[in-house]
Amino acid sequence: MIEPGINVLVCSRGGGGLLEARMEFVAELWQANIRAQFVPHPDPSLKEQYEYASEHDIKCLLIITEAGLSQTDLVKVRHFELKKDKEVPREEIVKFLTDAISTQFRDHTIWKTMYITSFFFSLLLVEV
């Protein structure tokens, strides 16, 4: 069941707004019963997205960038109220948000937990 008071705003920085990617993230989060939305404009500025979050009382942002998606496969999770940021591998974002939401983002260990993707793990195995 989707938590009624928890909301995630999927934002973009650069990349022409990354509208399709924002829509894909929202759909993926909905499938995981995570309440999510995005600013309904093709290329909103980060400031516009922050203002939207503030106006709609959204505390958690998922910030995607073109470089993050294509080069590092990392997305940033930012919580305004707690003033916390974390880069999370794209494939781990649902797990991270599910863990964070289950404690209303208050468990400080989630902000320190390392999320290692299978790609990085395979690199470690090759190096050993």
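The values are calculated or read from the model by the stated rules, or taken from the named source; none is laboratory data. Predicted model only: the values in this text are computed from it and were never measured. Cβ atoms come from the backbone with ideal geometry, glycine included; neighbour counts cover every protein chain shown.
Quick notes
- When the test is whether a residue is over 16 Å from residue 25 (Cβ atoms), touching a residue at least 12 places away in the same chain (Cβ under 8 Å) and surrounded by 18 or more Cβ atoms within 10 Å (Cβ to Cβ), residue 84 does not pass it.
- The range 7-23: number of residues that are part of a helix (DSSP H, G or I) and either closer than 11 Å to residue 62 by Cβ or within 12 Å of the chain's Cα centre (by Cα) (or both): 2
- Failed item, numbered, when residue 105 is tested on (1) modelled with pLDDT under 95; (2) surrounded by 15 or more Cβ atoms within 10 Å (Cβ to Cβ); (3) in a helix (DSSP H, G or I): (3)
For every residue, the table says whether it meets (1) outside any helix (DSSP H, G or I); (2) closer than 18 Å to residue 28 by Cβ; (3) within 15 Å of the chain's Cα centre (by Cα); (4) modelled with pLDDT of 80 or more.
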{"position": "71", "(1), (2), (3), (4)": "no, no, no, yes"}
{"position": "93", "(1), (2), (3), (4)": "no, yes, yes, yes"}
{"position": "97", "(1), (2), (3), (4)": "no, yes, yes, yes"}
{"position": "122", "(1), (2), (3), (4)": "no, no, no, no"}
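- Within the range 40-68, the residues that satisfy the criterion of being within 14 Å of the chain's Cα centre (by Cα), under 12 Å from residue 10 (Cβ atoms) and not in a strand (DSSP E or B) are 49, 53, 58.
- Residue check for residue 58: closer than 20 Å to residue 18 by Cβ, without any contact (Cβ under 8 Å) to a residue 60 or more places away in the chain and not charged (D, E, K, R): yes
- For the range 22-55, filtered to residues that are touching a residue at least 40 places away in the same chain (Cβ under 8 Å) and touching a helix residue (DSSP H, G or I) at 6+ places or on another chain (Cβ under 6 Å), the residue that is surrounded by the most Cβ atoms within 10 Å (Cβ to Cβ) is 34.
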